[in-house]
Amino acid sequence: MTILLVNPPGVREYGRSYVGEQKLGDPRLYSSMPMEHLGLMSIKAYAKAQGLEITSVNGLVAGHTSVEETWAAMLNATRSSGRPRLIGFSSIDTFPEVLWLSQRARQTWEGVRIALGNAIATLNYERILRQHDCFDFVVVGDGEVAFTKLALAVVNDVAVDDVPGLARRNEKGQVVCTPSSLVDLDELPPPARDELPTVLADGFAASVFSTRGCPYRCTFCGTGAMSAMFGRNSYRAKSVDSVVDEIECLVSDFDVDFVFISDDLFMSKHSSSQQRAADFANEMLSRGIDVNFMVDIRLDSVVDLDLYKHLHRAGLRRVFIGLETGSYDQLRAYRKQILNRGQDAADTVSALQQLGIEVIPGTIMFHPTVQPDELRETARLLRATKYTNAFKFLGRILPYPGTPLYQEYSDAGYLTAEWPLGQWDFVDPEASRVYQDVAGLIGPNPDITFDEAEAFFSRGSMIGTMSSPAESVNWQAKPRTATPLNGCRRGE
């Protein structure tokens with residue numbers, strides 16, 4: 001009898017896996033990326049502490065390039081321990097893969113129960129259970145306690161009514177959900193490290209998480225939307241000692257020299273969060289832990305450069321910052337209020353770089369109402385970060401179902417498909433042509449340099465033509481035809 005946790009591979013456009021796609025870039029940068037699924041590994045560790053052994057298959061870490069490979073790995077994982085009684089899938093933007101695997105599991109193992117978790121499942125549990133009968137359960141919110149209690153109930157053939165945060169169909173076929181409970185992160189054991197040897201061998205980074213959730217409500221982000229479901233206390237932090245203990249173990253047990261702190265937001269602009277970051281640096285330095293690390297922050301998290309100097313002394317070498325766009329108005333539309341009008345994000349980026357901290361940018365190049373001036377400003381901001389992956393010019397916003405952005409695009413009539421991910425088209429046909437030209441050059445060409453991509457992109461975004469000067473259209477002179485986004489909150 002097997003309890004199985006599965007993460008699909010994330011097969012990308014142009015026939016590449018997500019892992020393979022990252023390896024097309026600069027090894028210095030992808031070597032700081034995490035690949036462990038700490039959510040599944042945390043569930044696995046918690047379940048083991050409760051006396052329950054769980055088997056896991058991670059198609060992403062295994063480098064699978066098809067769901068067929070992941071299915072073969074699932075079959076192999078169950079050969080020694082018997083048919084699975086319960087399978088838990090994780091999905092963010094891999095729902096079609098999960099659906100295929102779930103349907104195959106249904107056909108193969110009579111009586112198997114199937115659960116789905118992660119942010120998109122949480123935000124859309126009613127829709128999923130109404131539309132897809134291959135899923136018996138959706139874990140809503142934190143997975144450690146909920147999935148473990150669900151697994152114990154399934155194993156012992158008892159009712160699941162008391163499992164916290166469990167959505168399912170009742171005897172009348174109605175979707176019901178037991179209220180979720182927020183997990184105290186310090187009560188969780190450290191995540192299992194089954195995947196780490198493979199991750200390190202493939203050149204990626206070890207990772208830890210020190211917080212969960214997000215206090216902000218940027219319109220496009222599933223984490224913030226999920227946090228909004230659970231109220232003000234949904235953004236939680238582990239104690240500094242607990243986080244440093246875990247990093248110390250990674251250094252001693254796996255000889256790692258780089259750790260990615262994989263929080264959606266390691267530090268906010270608020271004084272208590274800034275102090276926690278300072279305490280973290282103090283603890284790293286006082287223990288003499290010799291390891292470099294990377295964190296995710298917001299631009300407005302950079303309140304005091306002295307704090308970043310201190311973090312740099314403790315090992316901070318890279319930060320990921322969701323810059324998103326060079327347009328102040330578009331940031332406001334996303335409700336990502338990270339700078340004041342007239343403030344240049346490049347100044348903050350430069351200040352961090354001067355401290356010896358690399359900046360990895362998050363950018364959204366294209367959205368339904370994008371205009372040439374925004375494209376130019378975002379490209380300028382991208383250049384300022386010194387990040388050299390040409391695929392950044394393909395950045396196209398994804399409206400995840402359950403987020404305010406998704407609802408906004410639906411209301412505005414931008415969506416061409418609604419499920420499992422929102423798909424949209426440009427309001428201005430010229431913007432669509434620019435995107436198609438850029439995608440046609442960069443997408444299938446992994447060897448293109450950043451400079452080549454930037455030059456091609458800039459010509460098109462400035463004068464409205466990529467291919468034939470004779471067909472040039474003065475896109476910049478066109479009036480804006482779209483209604484400006486109203487903006488709703490969601491966190492990044």
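The values are calculated or read from the model by the stated rules, or taken from the named source; none is laboratory data. Just so it is clear, the model here is predicted, and its values are computed rather than measured. With ideal geometry, Cβ positions are generated from the backbone for all residues, glycine too; neighbour counts draw on all protein chains shown. Only protein heavy atoms, including side chains, enter the accessible area calculation; ligands, DNA and RNA are left aside. Shrake-Rupley method; radii C 1.70, N 1.55, O 1.52, S 1.80 Å.
If you take the beta carbon distance between Asp202 and Gln436 as r and set R0 to 30 Å, what does 1/(1 + (r/R0)^6) give as a FRET efficiency, to the nearest 0.05? Spell out each step's value before the answer.
Details: r = 33 Å, r/R0 = 1.10.
FRET efficiency, Asp202 to Gln436: 0.35.
Can you work out the accessible area per residue across the range 99-236, with the rest of the protein chains kept in place, probe 1.4 Å, in square angstrom?
I get 42 Å² per residue for this part.
Can you give the angle from 0 to 90° between the axis of helix 305-314 and the longest principal axis of the chain, with both taken from C-alpha atoms, to the nearest 10?
50 degrees
Return the loop-located GluC sites (Glu not before Pro) in the range 83-136 (DSSP other than H, G, I, E, B) with at most 10 other Cβ atoms within 10 Å of their own Cβ; answer none if there are none. Provide the component values of the computation, followed by the final result.
Numbers: sites: Glu97, Glu110, Glu126; in loops: Glu110.
Sparse-neighbourhood loop GluC sites (Glu not before Pro): Glu110.
5 Å is the cut-off here: which amide hydrogens, built 1.01 Å from N in the peptide plane, fall below it relative to Leu166, excluding neighbours closer than 5 in sequence?
Counting only residues 5 or more places away or on other chains, the set is Val140, Thr178.
As a check on your grasp of the helix formula, calculate [θ] at 222 nm for the chain: sum -39500 (n - 2.57) over DSSP H runs of n ≥ 4, divide by the residue count, round to the nearest 500. Walk me through the numbers before you get to the answer.
Details: 19 runs with 195 residues, N = 492.
Mean residue ellipticity, 222 nm, calculated: -11500 deg cm²/dmol.
Just reorder Ser80, Ser350 by solvent-accessible area, largest first, 1.4 Å probe, all chains present. Display every interim value, and only then the final one.
Working: Ser80 110, Ser350 45 Å².
Listed by decreasing accessible area, they come as Ser80, Ser350.
Which percent of the Cα-Cα distances in the range 38-91 go past 13 Å? Let's see the in-between values first.
Numbers: 910 of 1431 pairs.
The calculated P(r) of the range 38-91 puts 64 percent of pairs beyond 13 Å.
In the range 2-178, what percent of the accessible surface is made up of carbon and sulfur (1.4 Å probe, ligands and nucleic acids excluded)? Let's see the in-between values first.
Values: 3310 of 7190 Å².
C and S fraction of accessible area: 46 percent.
In degrees between 0 and 90, to the nearest 10, how far off the longest principal axis of the chain does helix 95-108 point, with axes built from Cα atoms?
20 degrees
On C-alpha positions alone, give me the angle between the axis of helix 38-49 and the longest principal axis of the chain, in degrees, nearest 10.
The angle comes out at about 20 degrees.
For the chain, what is the percent of antiparallel DSSP beta bridges, rounded to the nearest 5? Could the numbers behind the result be given before it?
Details: 12 of 48 bridges.
For the chain, the DSSP antiparallel bridge percentage is about 25.
Step through the residues of the range 345-360 one at a time and calculate ³J(HN,Hα) from phi using the Karplus curve (6.51 cos²θ - 1.76 cosθ + 1.60, θ = phi - 60°), rounding each to whole Hz and writing x for Gly and Pro.
Once θ is set to phi - 60°, the couplings for the range 345-360 become 4, 4, 5, 5, 4, 4, 4, 5, 4, 5, 7, x, 10, 6, 10, 9 Hz.
Pop the C-beta distance of Cys249 and Leu305 into the FRET formula with R0 = 45 Å and round what comes out to the nearest 0.05. Don't jump to the answer; show the numbers that get you there.
Working: r = 31 Å, r/R0 = 0.69.
Efficiency, rounded to the nearest 0.05: 0.90.
Compute log10 of I(q)/I(0) for the chain with the Debye formula, placing one identical point scatterer on every Cα and leaving out solvent, at q = 0.09, 0.12 Å⁻¹, to two decimals.
Once normalised to I(0) and log-transformed, intensities are -0.64, -1.17.
So for Met229, Met33, Met284, what's the accessible-area order with a 1.4 Å probe, most first? Walk me through the intermediate numbers first.
On the way: Met229 85, Met33 40, Met284 0 Å².
Solvent-accessible surface, decreasing: Met229, Met33, Met284.
Scale the Cα Rg of the range 2-178 by the rule-of-thumb value 2.2 N^0.38 Å and send over the ratio, two decimals. Can you show the working numbers first?
Numbers: Rg = 16.2 Å, N = 177, 2.2 N^0.38 = 15.7 Å.
Scaled against compact globular proteins, the figure is 1.03.
Relative to the compact globular guide of 2.2 N^0.38 Å, what is the alpha carbon radius of gyration of the range 205-357, as a ratio?
Numbers: Rg = 15.8 Å, N = 153, 2.2 N^0.38 = 14.9 Å.
The reported ratio for this selection is 1.06.
Find the centroid of the Cα atoms in the range 254-273 and in the range 382-430, then give the distance between the two in whole Å.
Spelled out, the Cα-based centre of one part sits 27 Å from the other.
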